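Read through the structure below, which is laid out as structure tokens, and then see the notes.
The values are calculated or read from the model by the stated rules, or taken from the named source; none is laboratory data. Worth saying up front: this structure is predicted, and the values here are computed from it rather than measured. Positions of Cβ are backbone-derived with ideal geometry, glycine not excepted, and every protein chain shown enters the neighbour counts.
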Amino acid sequence: MQGSSLSEVYYRPIDAAIRWAGLYRFRDDILMTVRPGRLSAIQDCPRCGELRLYTDRIYDAIFHGELPYGLNGITMNDKSLWDSPDLTVRHVDLKRWMLRTYPEQRPAFLFSRHERIVHPVITLEAGHALLVEREALKSQLEQCRHQLHQLKEQQKKQGSPNLTGVLYPLSDRAETTYLNIIGAMLALMLGRTPSGAPYSSFNSQDAIISALIAHHDKLMGITERTLQAKFAQARRKVQASSPIVDPDI
């Protein structure tokens, strides 16, 4: 029977609207409150305003020739069907119309999980949120650069350059600062925005270490063993002062 599962070959407009609104579990109750074909002025269905909007959108597309329609799944161009309870729209036509007219909409009855994941649509609100996050990250990066510059100036004032090659121990304050910077940068590079987008192209700490060795292997300390140890120490330092940091980063 048509309408017995989420995805079908064709739908009545009200059935398509129910699925579009994510109200399929209430389908039987909703259909009991509407007259055949169009959605009546009901007040007691879940999210009735949204359901009525989606129904009107589908009928509006039919009336203006944007969405092919027919009778019981057979496409026809017969205006006498507009008020028929057997008026239907095909799955493929509905999906094509929605991609063209409402590209930000990806209801599960028309689009597979793979389509919804692989081809996410960034709405105006999401784009604005990403821009805000970008500006916040730029500000945070500038602060880190400023702190690093201050530390370098502080080191210069503490003594002459180390010309002998002997490594002088850092003060506890300077070491904590460096480890905080390293730990924060690690968390940032491996983290994600609130909307789920990665902050960088690195998906693991090992990937960061490999890139560092590939580009800066001639610098002192740029070895796998040293980086693993320093990164671990930095993560512990950041986690001790900021419990919300993901321990898996």
Exercise. Keeping to the range 65-85, report how many residues are touching a Gly at 6+ places or on another chain (Cβ under 7 Å) and assigned to a loop (DSSP other than H, G, I, E, B).
Key: 3
Quiz item: How do the pairs read when you match residues in the range 201-213 that are assigned by TED's automatic domain parsing to the domain that holds residue 225 and under 12 Å from residue 223 (Cα atoms) with residues anywhere that are surrounded by 12 or more Cβ atoms within 10 Å (Cβ to Cβ) and of a type in the set (S, T, N, Q), using Cβ under 8 Å and keeping only pairs 6 or more apart or on different chains?
Solution: 209/228; 213/223
Quiz item: Out of the range 93-113, which residues are assigned to a loop (DSSP other than H, G, I, E, B) and crowded, with 17+ Cβ neighbours inside 10 Å?
Solution: 106, 107, 109, 110, 111
Quiz item: Any chance the range 222-231 includes a residue that's at pLDDT 85 or above, among the β-branched types (Val, Ile, Thr) and exposed (fewer than 13 other Cβ atoms within 10 Å of the Cβ)?
Solution: yes
Quiz item: Are any residues in the range 201-220 exposed (fewer than 12 other Cβ atoms within 10 Å of the Cβ) and in a loop (DSSP other than H, G, I, E, B), and if so, which ones?
Solution: 201, 203, 204, 217, 218, 219, 220
Quiz item: When the residues of the range 165-200 are filtered to those that are touching a residue at least 40 places away in the same chain (Cβ under 8 Å) and in a loop (DSSP other than H, G, I, E, B), which remaining residue is surrounded by the fewest Cβ atoms within 10 Å (Cβ to Cβ)?
Solution: 194
Exercise. Might you let me know whether the range 17-26 holds any residue that is modelled with pLDDT of 85 or more, of a type in the set (D, E, K, R) and assigned to a helix (DSSP H, G or I)?
Key: yes
